[in-house]
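Chemist: Dropping the structure in here first, questions after.
The values are calculated or read from the model by the stated rules, or taken from the named source; none is laboratory data. Please read these numbers as outputs of a predicted model, since none were measured by experiment. All Cβ positions, glycine included, derive from the backbone under ideal geometry; neighbour counts span all protein chains shown. Protein only, heavy atoms only, side chains kept; ligands, DNA and RNA dropped before computing areas. Shrake-Rupley method; radii C 1.70, N 1.55, O 1.52, S 1.80 Å.
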Amino acid sequence: MDQGTNMAHDVFISHSHHDKIAADLVCACLEARKIRCWIAPRDILPGMTWGKAIVDAIGESGLMVLIFSTQSNKSVQVLREVERAVNKGIAILPVRLEDVAPSGDLEYFLSITNWLDAITAPIERHLDQVAETARMILQRARERRGGNQ
């Protein structure tokens, strides 16, 4: 069986709590296009620890969409999520909300990743491009995983 068929979600959305509005808009856009998302705190089940929920969700994802801003650039939690995705070989789609370069460890993890700029407000202008890019990345991942099935 293809691994993708038993995933509860396709995309893990990483974001700083300061960027919750943008993250929720991206999530709603993707889900409207039948791309299943996991986003905190919405999808952390009662009784689960935050860390385990995050690690499990990243591991079950085909793609991480990183909502990138000054705030996420400084977030230790976002850094941990990105490190987990890189460690597990999960593609990352950074959606840059501000004209800021990644610093420190994020620069290391994201240096070879192509960015999607959503700097020009409002973010709604960029949602179709985010969704289409996510769909293409997920399709390529599925083809690599289960192309011979």
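Chemist: Enumerate by residue number the chymotrypsin sites (Phe, Trp or Tyr not before Pro) in the stretch 102-148 meeting two conditions: DSSP loop (anything except H, G, I, E, B), and at most 16 other Cβ atoms within 10 Å of the site's Cβ. Could the numbers behind the result be given before it?
Modeler: On the way: sites: Tyr108, Phe109, Trp115; in loops: Trp115.
Sites meeting the loop and neighbour criteria: Trp115.
Chemist: Continuing with this model, one more query. With a ≥ b ≥ c the root eigenvalues of the C-alpha gyration tensor of the stretch 87-149, is it rounded (a/c under 1.5), prolate (a/b larger than b/c) or oblate? Walk me through the intermediate numbers first.
Modeler: Numbers: a/c = 4.27, a/b = 1.36, b/c = 3.15.
Taking the square roots of the gyration eigenvalues as a ≥ b ≥ c, the stretch 87-149 is oblate.
Chemist: Using only helices, what value at 222 nm comes out for the chain when you add -39,500 (n - 2.57) per DSSP H run of length 4 or more and divide by the total residues, to the nearest 500 deg cm²/dmol?
Modeler: Working: 6 runs with 67 residues, N = 149.
Helix contribution divided over all residues of the chain: -13500 deg cm²/dmol.
Chemist: Spin-label point model (7 Å from Cα, Cβ direction): what's the His17 to Lys52 distance in nm?
Modeler: Label at His17, label at Lys52, 2.2 nm between them.
Chemist: Ok, one more. Suppose every K and R has +1 on its Cβ and every D and E has -1 on its Cβ; what is the size of the dipole of the stretch 67-114 about the Cα centre, in Debye to the nearest 20? Let's see the in-between values first.
Modeler: On the way: 5 positive and 6 negative charges, 37 e Å.
Around 180 debye, computed over the stretch 67-114.
Chemist: In addition: Identify which of Ile21, Ile137, Ile39 has the largest mean-square fluctuation in a Gaussian network model of the chain, with springs joining Cα atoms closer than 10 Å.
Modeler: Ile21
Chemist: Could you name the lysines in cross-link range of Lys74, using Cα to Cα under 26 Å and dropping any fewer than eight places away on the same chain?
Modeler: Lys20, Lys52, Lys88
Chemist: Another question, then. Compute the distance from the alpha-carbon center of the stretch 116-146 to that of the stretch 43-96, in whole Å.
Modeler: Each part's Cα centre sits 16 Å from the other's.
Chemist: If you filter the stretch 1-98 for chymotrypsin sites (Phe, Trp or Tyr not before Pro), then keep DSSP loop positions with at most 12 other Cβ within 10 Å, what is left? Numbers along the way, then the final one.
Modeler: Working: sites: Phe12, Trp38, Trp50, Phe68; in loops: none.
Here no chymotrypsin sites (Phe, Trp or Tyr not before Pro) fit, given the DSSP loop and packing criteria.
Chemist: Over the chain, calculate the relative contact order: mean separation of alpha carbon pairs under 8 Å at least 6 apart, over the residue count, as a percent. Please list the in-between numbers first.
Modeler: On the way: 207 pairs, mean separation 40.1, N = 149.
Relative contact order for the chain comes out at 27 percent.
Chemist: Now a separate question. Sort Val86, Val11 by heavy-atom solvent-accessible area, probe 1.4 angstrom, most to least.
Modeler: Working: Val86 60, Val11 0 Å².
Descending order: Val86, Val11.
Chemist: Would you mind getting the Kirkwood hydrodynamic radius of the chain from its Cα pairs, rounded to one decimal in Å?
Modeler: About 15.4 Å for the chain.
Chemist: Mind checking which of Thr49, Thr133, Thr120 has the largest fluctuation in a GNM of the chain, springs on alpha carbons under 10 Å?
Modeler: The residue with the greatest mean-square fluctuation here is Thr49.
Chemist: Assign unit charges at the C-beta atoms only (+1 for Lys and Arg, -1 for Asp and Glu), then state the dipole size of the chain relative to its Cα centre in Debye, rounded to the nearest 20. Can you show the working numbers first?
Modeler: Numbers: 17 positive and 19 negative charges, 76 e Å.
Using Cβ point charges on Lys, Arg, Asp and Glu, the chain gives about 360 debye.
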